[in-house]
Amino acid sequence: MDTASPFPDLTAFWIQEIGALLFGMVFLFLYRQSRAVYFGLWAVAWLLRFLAAIFGFQLLSTSHSGWLAPYATFEFAFVIVLIAAARAGFASEIKDWRTVLRLIAILPIFVALVYAVGQVAGIEAYQTSHALVLSFVYFYNFLTLRRHHGMGSRFFRFSLIVLAAAFLEHGIIFLYLYNKGDAPHWARYLHHETYYDFILHCVLAFAAMAMWSESQIDRIRELGAELDHERRQTRHTIELDGLTGLLNQAALARRSEEPAGSFEGVVAVCDMDNFKEINDSYGHLLGNEVLRNIGNLLKTSIRHQDEAFRWGGDEFVILFHNQRSEVARKRMSEIEARLLEFRARGLGALPISFSWGIGETYGRTLREALDDADREMYQLKRTRSKERA
């Protein structure tokens with residue numbers, strides 16, 4: 001082997017070592033934050049690359065082939081770990097150990113083969129095969145990340161494909177220089193390749209940080225959406241009447257406090273005429289059944305955008321959004337007719353008399369329309385009471 005050293009001033013060696021430590025710490029940080037196996041294995045891979053660089057420096061400085069075996073061992077371990085990372089993906093644990101174990105099993109054979117190549121063909125041939133293997137590994141990682149979307153993931157995959165192309169280029173150049181038999185030229189190229197690779201791996205580390213940051217932003221958005229959903233569900237549950245399933249008095253009070261123009265439409269206030277008689281004659285259990293059935297009737301008789309409230313006792317309020325009085329009166333008459341056909345379990349027909357009144361909110365507050373509807377409802381109730389008398 002040629003004795004020309006690509007590390008005449010140790011600069012390239014220190015760049016390799018500092019780069020390996022820097023990239024290892026970046027991926028270790030990403031693993032600790034995300035617990036993704038992919039990032040954890042990349043951190044391990046850079047530790048192995050750090051150790052490989054030490055033996056590689058000894059090999060190229062002394063040209064002693066005895067350093068080739070440990071150098072190749074750690075470099076191939078670096079390759080194994082990156083293949084394992086590609087297969088594990090961003091899961092929290094490695095599910096497929098078989099491929100990793102198979103690669104570990106052939107490690108001694110590979111080291112022996114590399115040692116033989118170094119003895120017969122020289123270190124130039126090893127550098128060629130090493131560059132081609134790394135090109136394959138980076139390209140394999142590029143392919144396995146196709147399912148991940150987002151700008152950060154695209155940037156990371158782009159960095160991988162650029163590294164794959166760069167190492168393929170290294171392999172071709174090393175092969176050319178090896179066939180040319182000009183050792184000083186390949187040594188100088190290896191020296192400059194160190195700076196080139198360091199820059200590309202810095203881009204890769206930055207892309208990994210960008211991909212993780214993007215995933216965190218997406219997760220924050222998901223958590224925000226889940227929190228908003230839970231908040232709406234909680235508020236909706238708090239504002240529901242437990243017996244009828246309608247919105248309760250607190251919900252109506254909150255709506256009534258809103259400024260004029262927040263609700264446009266018709267307010268209907270309705271009240272049962274003979275509910276006290278039902279409670280006195282048949283008991284509160286049947287009275288509760290009647291209220292539940294009225295709640296179901298109101299929910300099924302209004303549109304999705306309309307709202308129904310239990311105002312208290314046997315009194316109910318309906319908000320017909322963007323409707324006119326004529327339409328609301330027709331809808332209330334239909335509800336009243338259906339209540340006259342009410343049937344109780346075990347008792348048969350039990351007609352429910354229902355008084356109601358309406359008020360429009362156009363240009364007025366909901367509270368004002370509610371008061372008008374309440375007055376009209378009580379006027380109808382008094383009229384019917386006189387008729388029954």
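Indicate the gyration tensor shape class of segment 306-349 (rounded, prolate or oblate), computed on the Cα atoms with a ≥ b ≥ c the square roots of the eigenvalues: a/c under 1.5 is rounded; otherwise a/b larger than b/c is prolate and the rest oblate.
Details: a/c = 3.58, a/b = 1.66, b/c = 2.15.
Since a/c reaches 1.5 but b/c is at least a/b, the shape of segment 306-349 is classed as oblate.
Separation between the residue 382 and residue 299 pseudo-spin-labels, each 7 Å from Cα along Cα→Cβ, expressed in nm?
3.6 nm
For residue 176 and residue 216 in the same chain, what is the full-extension length gain: residue separation times 0.36 nm, less their Cα-Cα distance, in nm? Intermediate results must be reported in sequence, preceding the final value.
Values: separation 40, 0.36 × 40 = 14.40 nm, distance 4.55 nm.
So the extension gain works out to 9.9 nm.
Looking at segment 269-325, which trypsin sites (Lys or Arg not before Pro) are DSSP coil and have at most 11 other C-beta atoms within 10 Å of their C-beta?
Details: sites: 276, 292, 299, 303, 310, 324; in loops: 303, 324.
Those that pass, being in a loop and sparsely packed, are 303.
So for segment 242-368, what percent of the C-alpha to C-alpha distances run longer than 24 Å? Could you put the intermediate results ahead of the total?
Working: 2168 of 8001 pairs.
Result: 27 percent of Cα pairs exceed 24 Å.
Using a probe of 1.4 angstrom, how much of the accessible area of segment 238-389 is carbon and sulfur, in percent? Mind dumping the intermediate values first?
Values: 3840 of 7840 Å².
Carbon-and-sulfur percentage of accessible area, whole number: 49.
Could you do me a favour and compute the accessible area per residue for segment 228-327, 1.4 Å probe, result in Å²?
51 Å²
R0 = 51 Å: FRET efficiency of residue 254 with residue 206, Cβ-based, nearest 0.05? Write out the running numbers ahead of the final one.
Details: r = 50 Å, r/R0 = 0.98.
The computed FRET efficiency comes out at 0.55.
Please state, as a whole number in µm²/s, the translational diffusion coefficient that the Stokes-Einstein equation yields for segment 233-297 at 25 °C and 0.890 mPa s, with Rh defined as the Kirkwood radius across alpha carbon pairs.
Numbers: Rh = 13.9 Å.
Rounded to a whole number, D works out at 176 µm²/s.
Along Cα→Cβ, 7 Å out, is where each label goes; now give me the distance between the ones at residue 343 and residue 284 in nm to one decimal.
Reported label-point gap for residue 343 and residue 284 is 2.9 nm.
To one decimal place, what Kirkwood hydrodynamic radius in Å is obtained for segment 300-377 from all pairs of distinct Cα atoms?
Details: mean 1/r = 0.0728 Å⁻¹.
Hydrodynamic radius (Kirkwood, Cα pairs) of segment 300-377 is 13.7 Å.
In what sequence, highest mean first, do 216-225, 256-265 appear when ranked by Cβ atoms within 10 angstrom?
Details: 216-225: 10.8, 256-265: 14.4.
My ranking of the peptides, most packed first, is 256-265, 216-225.
At 1.4 Å probe size, with no ligands or nucleic acids counted, give the accessible surface of residue 209 in Å², nearest ten.
The value for residue 209 is about 60 Å².
Among 202, 270, what's the order by accessible area (1.4 angstrom probe), most exposed first?
Details: 202 45, 270 0 Å².
The ranking, largest first, comes out as 202, 270.
Run through segment 286-367 and list the chymotrypsin sites (Phe, Trp or Tyr not before Pro) located in a DSSP loop whose Cβ has at most 14 other Cβ atoms within 10 Å.
Details: sites: 309, 311, 316, 320, 342, 354, 356, 362; in loops: 342, 362.
The qualifying sites are 362.
Hey, any idea what % of segment 139-178's accessible area is carbon plus sulfur with a 1.4 Å probe? Intermediate values should be presented prior to the final figure.
Working: 1530 of 2160 Å².
Carbon and sulfur together cover 71 percent of it.
The values are calculated or read from the model by the stated rules, or taken from the named source; none is laboratory data. Everything numeric here is computed off the predicted structure, so don't read it as measured data. Here Cβ is always computed from backbone atoms with ideal geometry, including for glycine, and neighbour counts include all displayed protein chains. The protein model used for the area step is the full one, side chains on, heavy atoms only, and it has no ligands, DNA or RNA in it. Shrake-Rupley method; radii C 1.70, N 1.55, O 1.52, S 1.80 Å.
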